[in-house]
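Undergrad: I'd like to ask you about the structure that follows.
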Amino acid sequence: MILTFMFVAGFILAEGKPEQESAAGAKVGPQYGGTITYFNSRFTGDPPSPDPTLSQFNSLPFLLHIQEPLFLGDMEKYGPRGSGVSKFQYRGYLNPDLIRGNLVDNWEVTYEKITLHVRPGIYWQGTNMVKKVMENRELVAEDIAFDILEFWKECPWGARFNGILKDVYAKDKYTVIVELETYSRLALYYFGLEDRSMYAPPEMKAAGAGKWENQVGTGPWVFEEYEVGSHMSFRPNDIYWAKATIDGKQYKMPFADRIVCPIIPDEATQVAALRTGRIDLHQRPPAPQWDIIDKTAPGIKYASYSVSVYMVEPQMTWAPLDNVAVRRALMVGTDLRAFAILQYSEDTPIDVWPNYYLDPTVYVPLKDRPQDIQILYKYDTALAKKMLADAGYPNGLEIPLTIQPGAQYQDMSSLLQDQWAKIGVKVNISTVDATTLSKMQYSANYPGIAFSGTEMCDPLNTLLSQCHTKSIGTWSNRNSYSNPKVDELLDKAAASLDPVEVANLCKQAGEIIDREVECIPLYGEVWRHYWWPWLQNYYGELTIGDEGPGQLMAYTWVDQDLKKSMGF
Amino acid sequence: MVSFIVFWLARLLPGDYIDVLESASTGDVRIDRAMVEKNLGLDAPAIVQYARWMGFAPQPGGGFKGLFQGNFGTSWWRGDTVAKMIGKSWPITIELGVLGLIISQLIALPIGVYSALRQDKIGDYLGRSFAILAISLPSFWVGSMVIIFPSIWWGYMPPIMHIRFIEDPIGNLKMFVAPAAILGMAMCGLTMRMTRTMMLEVLRQDYVRTAWAKGLRERVIIVRHALKNALMPVMTVVGIQVPILVGGMVIIEEIFNLSGMGRLTIGALLNRDEPLTSGLVMVFSVALVFINLAIDLAYSFLDPTIRYE
């Protein structure tokens, strides 16, 4: 009785929601005004310091409202509103054919250098809603050069440019020269599109780049406030240079009056916020929540896509997983389809690795792969036992598996344990926290196996980071995979300017990697993101940069009448 | 002593802040560990780091800036000073804790007294059943149910973004009423049972029987004579529950999106943010000492025969 009283009392104090009417998304032209509140999976905790020399990954989804990269995906030309060639549902490396210049309006690439032509007429917005950090002034080549050099020399991740960059300088007011030590097709991506390629003015460094209230940039928004543990918000940049083209007409951007990025650690709270319209867009609610969202939020839209593969990674330095025959036997003894169903990814095919099924330039369907590879993907416990016996383990073996806490990992580890028990392999599961697991994985000598995921947006980038000897001990090549022939193929591809050659080399390397069972690819991970129909000019894109939809929100507006009519 | 234990405990956790930095990135190149260690002063021996944190040794940039100088250091993760971060979060925790405590006492004391007065009758059974329910139901489960089901049934959920009390007191209360009620419910079960037990004992005392015989009104007997004496052990139970309250607040703050010290502590631990972890544990330790002191002093208010010299 007391509980009921407390609930009722709480609700009396709260605002209720009127009965929701069913909504048909009326197509309307651009509208100015309103607030967009969106949630990104990175918003589960307070962001780290925004200091560019730290370039902490989790601060970037907030920073990208204020600061911009050199390139962006050309969603107006190639996206759902344009030719429809791409849905811009990718993460990481974007196909260069889909890119447009952003802070640069054109560029040239040779083996010796990259020449960037800065777009004239872009201005730093020196004042945010808290303070004036600097005078408004034009973006010039010196600023770009300064930022690249700062990242290279002062950021803990700057080592990625070692051996690639030789020098960076401004040739004139609008031309930046990036001299290359060694050509790398990824260099342009790293400082032009990747999540850390946000450009900030030198004056901000002098003012104190580690403070959110000192953040300024050329982007569509300016910093408004950061309430710790609650939200960060932004207001329009009134001197923003870019325009949106809608039905042939140009419009000043952004459209909304305010962007709010709430910080919500709890999954149930995130979903409740989506359901009640407190957030307009949720990127990646957990898969087990999809069903209940569909049922309890009538009228909500969603987009499904797959950009990564989840896998079991056997540690190559740990016997007997260094034995190819053992790895092949384990893969035959794994029911891949069961994992896909478990993780709500039953619509993706099983042959998602090593070249992704959504990339026709490199994808080789399973039926076209050699026979000795095809058998790996067919679940057969009897064959798996025989293969293990032939490999010298007729009585099976024990393999440790280390996971982090979380329902997803517990479910998958239990399933794997059950499946491999049928082929005589005992999986010993131990659970450690995420940081400890990460440390083990970065040391590249964890015992047994571990789960991991990898993004599949660029075939060469994926294979280089996951399967090249040079990348052992980095995020993707945790399991110490190394094959000189694969290295040779990938090095050749990395040095090539011919996309057809690159694709063929990736296919050749992929065949070796597949045959050797560098990993057991469990399923192509399906993500969904949900949004309410009052968010207009948004078609379910994931990003046009590298991380999150922040840049997209400048093109998006709120149909406030529709929102009211839906009862929100 | 506390500072020594706190400092070393934080460093016993497997993995360090640099591992967190690396795990937060999916880059294909290793972080320059030596650079980060130098920037954070982690290249010095641990005992030197402790001395710097305490303020006994100078910082790499010069000057003494440690606990002895009133400086808790700077958060590695966020770059803000630890004092500033704690300063922003403790009012939320205090508000949640105080409201929770008030609600728990408002529920537990009347029910406990009523149960004692109606011993072995329907009212007593209901009261005791409620107490068992309150003790058994995990607050994190109740919290999740309060978030999930109202959002499905009525399209309602408490505000997800912080509203300052001075800006909008009603809005601020809307944020806190549900989580405080859940915390209060979690505490009230034990308090109610202790109140009932102590009331039963006190009601059997000779002086209470004398009061009844003198014809005093029931309310006077209960409130002025019996309850005041019964509250002494209840205060002890409340004091024991405060640390448990702090633990419960961590989960409730996560679920209801309150940026209090509990949530800050979780973040500090997960991010291996040693200055912030050490600072928070120090603050919690000192706070608990003062809370227990306050409870001890409260005894003298309840029992005039107790005087501290």
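Undergrad: Averaged across the residues of A:225-232, what count of C-beta atoms belonging to other chains lies within 10 Å of each residue's C-beta?
TA: Across A:225-232, the average partner-chain Cβ count within 10 Å equals 6.
Undergrad: Moving on. Rounded to the nearest 500, what is chain A's calculated 222 nm mean residue ellipticity when only DSSP H runs of at least 4 contribute -39500 (n - 2.57) each, over all residues?
TA: Using -39500 (n - 2.57) per qualifying helix, the result is -8000 deg cm²/dmol.
Undergrad: A follow-up question, please. Run the numbers on the stretch A:155-188: which residues show a drop of 30 Å² or more in accessible area, chain on its own versus all protein chains together, using a 1.4 Å probe over heavy atoms?
TA: Residues losing area: A:Pro156, A:Trp157, A:Arg160.
Undergrad: Let me ask something else about it. Given a 1.4 Å probe and every protein chain left where it sits, what share in percent of the accessible area of the protein assembly as shown is carbon and sulfur?
TA: Taking all protein chains in place, the protein assembly as shown shows 59 percent carbon and sulfur surface.
Undergrad: A further question follows. Per residue, how much accessible area does the protein assembly as shown show when a 1.4 Å probe rolls over the protein heavy atoms, in square angstrom?
TA: 41 Å²
Undergrad: While we're on this one: Roughly how large is the A-B contact in terms of buried accessible area, totalled over both chains, probe 1.4 Å, nearest 100 Å²?
TA: Buried area (both sides, nearest 100 Å²): 5300 Å².
Undergrad: A further question follows. Please list, in order along the stretch A:105-113, the HN-Hα scalar couplings obtained from phi with the Karplus expression 6.51 cos²θ - 1.76 cosθ + 1.60 (θ = phi - 60°), rounded to whole Hz, x for Gly and Pro.
TA: Rounded to whole hertz, the list is 9, 7, 7, 10, 10, 10, 5, 9, 7.
Undergrad: While we're here: How much net charge surrounds B:Ala10 when only the other residues with a Cβ under 12 Å from the Cβ of B:Ala10 are counted, with Lys and Arg +1 and Asp and Glu -1?
TA: Around B:Ala10, the charge tally is -1.
Undergrad: Ok, one more. Fully extended, how many nm does the chain gain between B:Phe64 and B:Leu270 (0.36 nm per residue separation, minus their Cα-Cα distance)?
TA: Taking 0.36 nm per residue and subtracting the Cα distance, the gain is 71.3 nm.
Undergrad: Against the globular-protein guess of 2.2 N^0.38 Å, express the Cα radius of gyration of the stretch A:193-265 as a ratio, rounded to two decimals.
TA: 1.28
Undergrad: Let me know the mean shielding of A:267-278 by other chains, meaning the per-residue number of their Cβ atoms within 10 Å of its Cβ.
TA: 6
Undergrad: If every alpha-carbon in the protein assembly as shown counts as one equal scatterer, what log10 I(q)/I(0) does Debye give at q = 0.06, 0.08 1/Å?
TA: Once normalised to I(0) and log-transformed, intensities are -0.48, -0.82.
Undergrad: Okay, next question. Enter the angle in degrees (range 0 to 90, nearest 10) between the Cα long axis of helix A:499-515 and the first principal axis of the Cα atoms of chain A, meaning the one along which they spread out most.
TA: Helix A:499-515 sits roughly 40 degrees off the main axis of chain A.
Undergrad: Tally Lys and Arg at +1 and Asp and Glu at -1 over the other residues with C-beta under 11 Å from the C-beta of A:Tyr442: what net charge comes out?
TA: It works out to a net charge of +2.
Undergrad: Could you sort B:107-119, B:49-61 so that the peptide with the highest average Cβ count within 10 Å comes first and the rest follow in order?
TA: The peptides rank, most packed first, as B:107-119, B:49-61.
Undergrad: Starting from the exponent 0.38 and prefactor 2.2 Å, build the expected Rg for the stretch A:380-454 from its residue count and divide its actual Cα Rg by it.
TA: That ratio works out to 1.21.
Undergrad: Another question, if that's okay. Arranged from highest to lowest average of other beta-carbon atoms within 10 Å per residue, in what order do the peptides A:324-337, A:245-258 appear?
TA: Descending mean neighbour count gives A:324-337, A:245-258.
Undergrad: Enter the mean number of other protein chain beta carbons within 10 Å of the beta carbon of each residue in A:42-48, as an integer.
TA: Mean inter-chain Cβ contacts per residue within 10 Å come to 4.
Undergrad: Here is a follow-up. Rounded to two decimals, what is Rg over Rh for the stretch A:406-508 when you use alpha-carbon atoms and the Kirkwood radius?
TA: Expressed as Rg/Rh, it is 1.07.
Undergrad: What pairs from A:Lys132/A:Lys205; A:Lys131/A:Lys205; A:Lys132/A:Lys153; B:Lys84/B:Lys174; A:Lys113/A:Lys173 go past 22 Å between their alpha carbons?
TA: Over 22 Å Cα-Cα: A:Lys132/A:Lys153; B:Lys84/B:Lys174.
Undergrad: May I have the convex hull volume per residue, in Å³, for the Cα set of the stretch B:1-119?
TA: Given the Cα convex hull of the stretch B:1-119, per-residue volume reads 195 Å³.
Undergrad: How charged is the neighbourhood of A:Lys113? Take every other residue with its Cβ under 12 Å from the Cβ of A:Lys113, and add Lys/Arg as +1 and Asp/Glu as -1.
TA: Result for the local shell: -3.
Undergrad: Would you list the P(r) distribution for the stretch A:529-568, with all Cα-Cα distances sorted into 10 Å bins from 0 and each bin expressed as a whole %?
TA: Per 10 Å bin, starting at zero, the Cα-Cα P(r) for the stretch A:529-568 comes out as 30, 49, 19, 3 percent.
Undergrad: Further question: Can you give me the relative contact order of chain A as a percent, contacts being Cα pairs under 8 Å and 6 or more apart?
TA: Value for chain A: 21 percent.
Undergrad: So how strong a dipole does chain A carry about its Cα centre when Lys and Arg Cβ are +1 and Asp and Glu Cβ are -1, to the nearest 20 debye?
TA: Computed charge dipole of chain A: roughly 580 debye.
The values are calculated or read from the model by the stated rules, or taken from the named source; none is laboratory data. What you see is a predicted model, and the numbers here were worked out from it, not measured in a lab. Don't worry about glycine lacking a Cβ; one is built from the backbone with ideal geometry, like all the others, and counts go over all protein chains shown. Ligands, DNA and RNA are stripped out before the accessible areas are found, and what is left, the full protein with its side chains, is counted by its heavy atoms. Shrake-Rupley method; radii C 1.70, N 1.55, O 1.52, S 1.80 Å.
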